[in-house]
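Structure first, then comments.
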Ligand code: SF4
């Protein structure tokens, strides 16, 4: 997840048959540089993303909350799916000890309940506790964060916690230090 946040690489989530994130009334952001994804999604399914620069679009979902590119066999554009889908990793909720139900995502919550972490050593366990601490801190100080980095949803809070957790490893950072980490 950390690598996916830093570079446009995909995550390697063992989803199995789960399509919870494709079926949970989520808007999929697609950037103007994602020419391959844009070429494989019908134009009428996308619209300009609010409060983003021209060319950034969103793909919506149907009346059942399902992505319009989802079929019975799975994603119909899997090899060409947007970056949002490639980097989505529901284990972020487990890492941050947050509940997808707070975002009204019961299908994702069902999957998240099944994740169990094992830690190779104390350092790994400390990193996960740093993610938890980061989530609590960011939630507590949300009003002090610039709007551009302030999480609105629980999903965004969990991602923010992963983004800044390293400054929480065995230390108690200031709000300014956390803002600097969020803005990197
Ligand atoms: S584009 Fe594919 S991977 Fe992305 S939400 Fe839709 S069905 Fe799921």
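Values for this structure:
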| read-out | value |
| --- | --- |
| The stretch 2-89 - percent relative contact order, Cα under 8 Å, separation 6 or more | 39 percent |
| Fraction in percent of alpha-carbon pairs per bin - 10 Å, the stretch 40-88 | 22, 56, 21, 1 |
| Per principal axis, descending, Cα span of the stretch 2-89 in whole Å | 36, 34, 21 |
| Highest to lowest packing among 159-170, 93-104, 46-57, 110-121, scored as the average C-beta count within 10 Å | 159-170, 93-104, 46-57, 110-121 |
| Cα radius of gyration and Dmax for the chain (Å) | 17.0, 50 |
| Relative contact order for the stretch 76-130, counting Cα pairs under 8 Å that sit 6 or more residues apart, in percent | 30 percent |
| Convex hull per residue volume in Å³, alpha carbons only, for the stretch 118-183 | 73 Å³ |
| Helix-only mean residue ellipticity at 222 nm for the chain, each DSSP H run of n ≥ 4 adding -39500 (n - 2.57), per residue, nearest 500 | -10000 deg cm²/dmol |
| Whole-number percent relative contact order across the chain, with pairs defined as alpha carbons under 8 Å at least 6 apart | 21 percent |
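Here, each number is a calculation from the coordinates, and none is a lab measurement. As the structure is a prediction and not an experimental result, all values here were calculated from the model. Every residue, glycine among them, receives a Cβ derived from its backbone with ideal geometry; neighbour counts consider all protein chains shown.
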